[in-house]
Every structure is written in structure tokens, then in C-alpha cells.
Amino acid sequence: MIYIDPKILERINTWLTPAFDEETQAAIKNSIAHQPKEIQESFYQDLDFGTGGMRGIMGIGTNRINKYTLGKNTQGLSNYLHKSFRGQTIKVAIAYDCRHNSKTLAKVVADVFSANDIQVYLFEDLRPTPELSFTVKHLGCQCGIVLTASHNPPEYNGYKVYWQDGGQLVPPQDRDIINEINSLDYSEIKFHANESLITFIGNEVDEAFINASVKNGSFGTPQNAKDQLNIVFTSLHGTSITTVPETLRRAGYKNVHIVEEQREPNGDFPTVKSPNPEEPEALKLALELADKVNADIVIGTDPDCDRLGVAVRDLDGKMVLLNGNQTMVMMTNFLLKYRKQNNKLKGSEFIGSTIVSTPMMAVLASHYDVIYKEGLTGFKWIAKMIRDFDKLDFIGGGEESFGFMVGDFVRDKDAVTSTLLAIEIAAQAKAKGSSFYKELIQLYVEIGFYKERLISMTKKGIEGAEEIKQMMAEARQNPKIEINGSKVVRVEDYQLSIAKDMVHKKESTIDVPKSNVLIYYTEDGSKIALRPSGTEPKIKFYISVNGHLASTDKFRETEAELESKIDAIVKDMKLN
């Protein structure tokens, strides 16, 4: 006999009513009969907005991405837009990536908006996420949607919501919209489109976005320096192929070798285990091509082109993938140095990052005497900084998960402009007899050598979610007092909004929205953060250590010492 939890069965039965099409009902009945575990996974909860919007496995059910869950979101969002912009003509832009069903689901979303008397600008084909952020402001929209699951496996899709400044939703607005969505019944979704309100967009917006990317990502590199740089680029079967090659061409870079096997957009991502530029395996073909053509730099972007992986030649001439913290500090330092050399630092500038990223960003800000702001994980918080401090000049910012934003013409991580910026850094370094990697080492000498490592543990399904919950509860109930022989001097609990000074036995309030993050700081300067992912079934541990690098010729020795220190922390915390 098949047992299904009565509460879950009640949710399932709701989907066996006339509000749902016959195909959906038939699929549910088949799953009840043949896949009882899967049907419970599909209905045991509602998908919710995480750090990057709503993201999940495609399929039937409340815990899956499908026309009904996205339709309900869009109906609730439509209602909220009408309340927020009474008497105005409401406009929404919609983009989508290369994933299975993205184009179909984008049209469903467009149909629901139009059925609610909202003007829709729908991209005619797949486009990068940063272009959608740009488009919201460019076309004067109140809202924007991207259908994407970023670098998740092929069975995933997602739904990101942007507001009129081009940034993603943040509290309390996201909660207000969720409440609006939750107040709805599925039968209230208006699926019948008003086609007269749907306008397809494409080349004209592309032109504006690419030109803006070239303008914001170019920093006076001489043409002969551009001509000397040898570049390999891969779109990893994603959307960046529509904009990055043309952006580089217009910026004057001619020696761009594209990984042809990965040029074609494909939601199966057939040449990689995961289309994630954080993982060296994803860039294997690009690195092989780099050795064939003797490239100086390799860049790969994720499917929706908001994150980038950068590989450069190390001191031995071998291609190595930099981590997100390394590319972030290099890009930030380049922007700050450029401003300083051109007398454009006036005292009102700021850079931004996140609580789980490298502490080196704060040190950089101090080095250049600019303001440093830090927010929760996710670029929506950096976009919020720009909105909240509109009298300040945002230079750039990023996070450890391979995302960066140059200026504020796009209000989300942007792999198009960031790709150009990384290439500008490499070209200028090579022209003066240096390299991207050597410049990074020199930066460590100047302001301190920071070394980070990310450890992710995947815990899938209902049991996995409960296990992650218990791991965080255990960490809170029995906090570390010592890590790798170094006393814990400060503990920050972002869920309780409390920071504890363990030395002076004092507590203070953390003045940011609540988030399920716990951070330890030790006496020797190490930082260890624990955080469940908001978009994947993972719990993540972010480890940062640092030391003094006396000179560039001491790099290997000092790096080995820092790596050994991280290994010891991993062992002490039983993370291996």
C-alpha cells in the first residue's frame, strides 16, 4: 500500500480540480501510482524566493517550476504592481535563458501579465540576465523577469524578479509580494493573453546594451596592447554567445578564440557535468584550447551570463582558474587604481561586497580611502546599497561566487562587462611585461595575502533539507570557542541579528535583514562562515585566512603555509 502524508495529499488533491489541465492531472495520478516518493517531494512545500529569486526542478507540483507555480507568482505580482503604481501604465520586461522550457514559460508569464492589462516587452530569443536588468531601466519598466536557473543542473529552471531600478527584489517588498501570491487560489490566474499588449524586442535593445558594456568596461588600453592579448572564451552552451563576442569585437579585441563545441545554446549542457564556471571541469575544453593557441586568458560564463570564471597563466606558465575572491579583488583594485591615477577619487565613492566574501575587499577600500559597504549574500543587496546611498558614487563590487558589477548601469552581476574588464586588466599587464597573475601577487604584497576556500555539502530532498537545518541548529546551540587552536573572538549570527564579542563578553545588534548565516572570527585573523544555499540543496562553509607576503619571490612558500592552515581548519571542523 502506498502511504502519502495526509497534509501532502490534501495539496495534491487541489491540483486534481478543473483549475488544472487534463495533462497535469493525468501526470499526478500516474505519479501517485508509480512514483509516490517523487510526488511527495513535488508537493511537500511551496517554492520560495531565495537569494537569487525562485529556483527549482521543473515538473508538476507546488515545489516545482511549471506554468501554474509561475502563473500564480505572476498573477500575484500583477496584483501588487497595480496596487503600487495606481493610475500608471505598467510595463514589464521579460528575458529567458537556454534552458528547457524557458521560452515556453516566458510566454506563459507574458500572457498572464498581459491578461492583467500590463504592457509586456518580451525578448524574441534568449538573452543574458544582465541585459534584462539594463532593459528595465532602458525602457522605463516598473518590473522585469528572467527565466533562468543560472548554473544549476539541466532539470532546473527559475524566476528572478527585478524592480524599476534594475535590481532584484529585497525585503520587505519581496515578502509583500509573496503574501500577495499566497493569498491567491490557482483558479484566479489569468492565463488568456491580450496579445496586443505583448511587444517582442531584440536588436535595438542589444545595441544599446552592448554599447553601454563597451563604454563601462573600457579603460584606455592602447590598441597595440589589445592586439598582443590572446583570448579564449566559452559560453558553456549559454546566453553569453549573443553579446560577449560582439562586445569584445567593438572594444577592439581581435584575438578571441571561441570554444566551438560549446558555442550553441543547449539546455542539456552536453559537454560538461555542470555549467558552473566555478568548477575547473566546466572549463576543460577552454583550457585545452588555450594551450593549443597559447592564450593568455580564458573566460567562461554561466548559462545566464551573470557570472564568469577567469583562468590565467601562473608563474610556471600553466593555466589556473582563479577563485571568485581573486578576480573580485583584481577587478576592484584596477577600478580604484584607474580612478586614482585619473584624479577621479573625490571622497564620495564606495565599493561593495558580501559577508561571506574575502575580507580583502575592506582592506582595499581602506588602502584607497574609499567607503566599503557589506551586505548579505546575493547581488540584490549590492543593488540595494546603490539605491540606499544614491548620493555616493558606486565604483564596483562583487561576491565570492564569481559575480562582479562594474558601475551601476546594470544593477546585477554582469559577466558581459566584467569579461571585458578582466581582459583589459590582462592586456595592460602584458603590455608592461607583467601578467594578470603577477599583478595579483603584487597586490598581495601591497595590502596582505588573503586566501579563501569554499566547501559545499549537497543534501538533497526532504531529508537533506532537514539535515541542513539540524547542522545549523547544532552550530548555534554549541558554538565553537576555538578553531584550529585559535580562540574564537567574535561570532555573528545573522538569523538572530546578534554579534558576540567573546573577549569582552559583549553583544551588539547586527543591523541587516535576518539571514541564516553564522560567522566565526578567530584570534589569528581567520574567518569561517556557515550558510545554507538559497538556490541549491547545499550547506556552504566559507574559510578565509591571511598572512604577510614579504615579497613576490616568497609567494609559493607563503601560499603553501596558508593552504596548510586552511587544511587544518577543515580537519578541525570535520569538513573533509
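Look at (i) 1.01; (ii) 1.13; (iii) 0.97: the one that is Rg/Rh (Cα atoms, Kirkwood Rh) derived from this structure is (iii).
Once the Cβ-Cβ distance of Val293 and Lys432 is raised to the sixth power relative to R0 = 30 Å, the FRET efficiency obtained is 0.85. Compared with the alpha-carbon gap, the fully stretched path from Arg250 to Glu124 is longer by 43.0 nm at 0.36 nm per residue.
For region 203-260, just say rounded, prolate or oblate: build the C-alpha gyration tensor, square-root its eigenvalues into a ≥ b ≥ c, call rounded for a/c under 1.5, and beyond that prolate if a/b exceeds b/c, oblate if not. Here region 203-260 falls in the oblate category. Bridge orientation summary for the chain: considering DSSP beta bridges with both residues in this region, about 65 percent are antiparallel.
Taking amide H as placed 1.01 Å from N in the peptide plane, Ala93 has its amide H under 5 Å from the amide H of Tyr121, Cys143, Gly144, Ile145, each at least 5 places away in sequence or on another chain. A crude spin-label estimate for the pair Gln45 and Leu496, with each label 7 Å from Cα along the Cβ direction, gives 2.2 nm. Let a ≥ b ≥ c be the square roots of the eigenvalues of the Cα gyration tensor of region 440-534; is it rounded (a/c under 1.5), or, if not, prolate (a/b larger than b/c) or oblate? Oblate. Roughly how many Å is it from the Cα centre of region 543-576 to that of region 256-296, as a whole number? So the separation of the two Cα centres works out to 30 Å. Summarise the accessible area of region 171-233 (1.4 Å probe, protein heavy atoms) by the percent that is carbon and sulfur. C and S atoms contribute 48 percent here.
Note on region 426-563: with neighbouring protein chains present and a 1.4 Å probe, carbon and sulfur make up 49 percent of its accessible heavy-atom surface.
With the highest mean first, a sort of the peptides 269-277, 110-118, 298-306 on other beta-carbon atoms found within 10 angstrom per residue produces 298-306, 110-118, 269-277.
Each residue of region 84-98 was assigned a 3J(HN,Hα) from its phi angle through the Karplus expression (A = 6.51, B = -1.76, C = 1.60, θ = phi - 60°), giving 7, 10, 4, x, 9, 6, 8, 10, 10, 9, 10, 10, 8, 9, 8 Hz with x at Gly and Pro. Summed over all non-identical Cα pairs, the Kirkwood treatment of region 1-160 gives a radius of 16.7 Å. Each residue of region 196-202 is assigned a 3J(HN,Hα), and the resulting list reads 5, 9, 10, 10, 8, 10, x Hz, derived from the Karplus form 6.51 cos²θ - 1.76 cosθ + 1.60 (θ = phi - 60°), x at Gly and Pro. Each Lys or Arg adds one and each Asp or Glu subtracts one; over the other residues with Cβ under 11 Å from the Cβ of Cys98, this totals -3.
Relative contact order, percent, of the chain when contacts are C-alpha pairs under 8 Å separated by at least 6 residues?
Averaging sequence separation for qualifying contacts and normalising by length gives 12 percent for the chain.
Using a probe of 1.4 angstrom and keeping all protein chains present, the accessible surface of the chain works out to 41 square angstrom per residue. What is the distance in Å between the Cα centres of region 104-140 and region 27-46? The two parts, judged by their Cα centres, are 32 Å apart.
Of the residues Asn333, Asn79, Val310, the one whose Cα sits farthest towards the positive end of the charge dipole of the chain is Asn333 (charges of +1 on Lys and Arg Cβ, -1 on Asp and Glu Cβ, taken about the Cα centre). The largest-to-smallest principal axis extents of the Cα set in region 410-488 are 54, 35, 21 Å.
Packing here is the average count of other Cβ atoms within 10 Å per residue, and on that basis the peptides 519-529, 140-150, 81-91, highest first, run 140-150, 519-529, 81-91. Within a straight-line Cα-Cα reach of under 16 Å, Lys480 can be paired with the following lysines, leaving aside sequence neighbours fewer than 8 residues apart in one chain: Lys500, Lys505, Lys527, Lys571, Lys574. Measuring max minus min along each principal axis, the C-alpha atoms of region 89-232 give extents of 63, 35, 30 Å (largest first).
Cross-link partners of Lys391 among aspartates and glutamates, defined as those whose alpha carbon lies under 14 angstrom from its own and excluding same-chain residues fewer than eight positions apart: Glu349, Asp408. Placing Ser187, Ser551 in order of accessible area, with the largest value first and a 1.4 Å probe, yields Ser187, Ser551. Couplings for region 568-576, taken from phi via the Karplus curve 6.51 cos²θ - 1.76 cosθ + 1.60 with θ = phi - 60°, read 5, 5, 4, 5, 5, 8, 6, 9, 9 Hz in order; Gly and Pro are left as x. Per-residue ellipticity at 222 nm computed for the chain from its helices equals -12000 deg cm²/dmol, with DSSP H segments shorter than 4 residues left out and the rest contributing -39,500 (n - 2.57). The H on the amide N of Asp408, modeled in the peptide plane, is under 5 Å from the matching H of no residue at least 5 residues off or on a different chain.
Compute the Cα gyration tensor for region 1-78, then decide on rounded, prolate or oblate, letting a ≥ b ≥ c be the square roots of its eigenvalues: rounded whenever a/c is under 1.5, prolate when a/b is larger than b/c in the other cases, and oblate in all that remain.
Values: a/c = 2.08, a/b = 1.50, b/c = 1.39.
Because a/c hits 1.5 or more and a/b exceeds b/c, region 1-78 counts as prolate.
Among the lysines of region 77-180, pairs that are 8 or more positions apart or on different chains and have alpha carbons within less than 18 Å of each other number 7. If you count Lys pairs in region 279-378 whose Cα atoms are under 16 Å apart, skipping same-chain pairs closer than 8 places in sequence, the total is 4.
Cβ neighbours within 10 Å, averaged per peptide: list 507-513, 431-437 in order, most packed at the top.
Per-residue mean Cβ counts within 10 Å order the peptides as 431-437, 507-513.
Near the amide H of Gly375, within less than 5 Å, lie the amide hydrogens of Ser353, Thr354, Ile355, all on another chain or at least 5 residues away, with H placed in the peptide plane.
The values are calculated or read from the model by the stated rules, or taken from the named source; none is laboratory data. Values in this document were obtained by computation on a predicted structure and should not be read as measured data. Heads up, the Cβs are rebuilt from the backbone with ideal geometry, glycines too, and the neighbour counts pull from every protein chain shown. When the accessible area is computed, the model is the full protein with side chains, heavy atoms only, and any ligands, DNA or RNA have been set aside. Shrake-Rupley method; radii C 1.70, N 1.55, O 1.52, S 1.80 Å.
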